[in-house]
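**Student:** Below you'll find the structure I mean.
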Amino acid sequence: MSKRQNTAEEEAGAIDLTPMLDVVFIMLIFFIVTATFIKEPGADVVKPEATTAELKAASILVAINDSDEIWIAKDKVDERQVKIVLERLYSENPKGWLVIQPDKEASIEKIALIAEAARKIGIKKVSVATEKS
């Protein structure tokens, strides 16, 4: 009988962790749902220098390497498909910024092509990434 009494007393003194785990899981779900995921462009570029560079956050990154290849979300994209890919990424995050990361050797025509596609889609926040000199 004393054995039953000891287990009953131990159960009464034990801490119930279930409510704490519920709170932790709810917080985890909240942070996952509200997180903004940045799509990496997939190409390494050497950014041009600028004296008026400002730090901005981005959710859509487009890279143009020195061979004028366009990279979005780690995939090489043909210039005819840029608008379609940007449209898909913008629909996933309509409050996001578009940042174009051109290489120093990239042509201005590719930058203009991406900016024009973004304008047609309705992306109003477009920036060009540079290095601060």
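**Student:** Taking the solvent-accessible surface of protein heavy atoms with a 1.4 Å probe, what is the per residue accessible area of the stretch 64-112 in Å²?
**Tutor:** Working: 2960 Å² over 49 residues.
I get 60 Å² per residue for this part.
**Student:** Could you sort SER91, SER127 by accessible area so the largest value comes first, with the probe set to 1.4 Å?
**Tutor:** Highest to lowest solvent-accessible surface, that is SER91, SER127.
The values are calculated or read from the model by the stated rules, or taken from the named source; none is laboratory data. What you see is a predicted model; the values in this text were computed from it and never measured. For accessibility, only protein heavy atoms count, side chains too; no ligands or nucleic acids. Shrake-Rupley method; radii C 1.70, N 1.55, O 1.52, S 1.80 Å.
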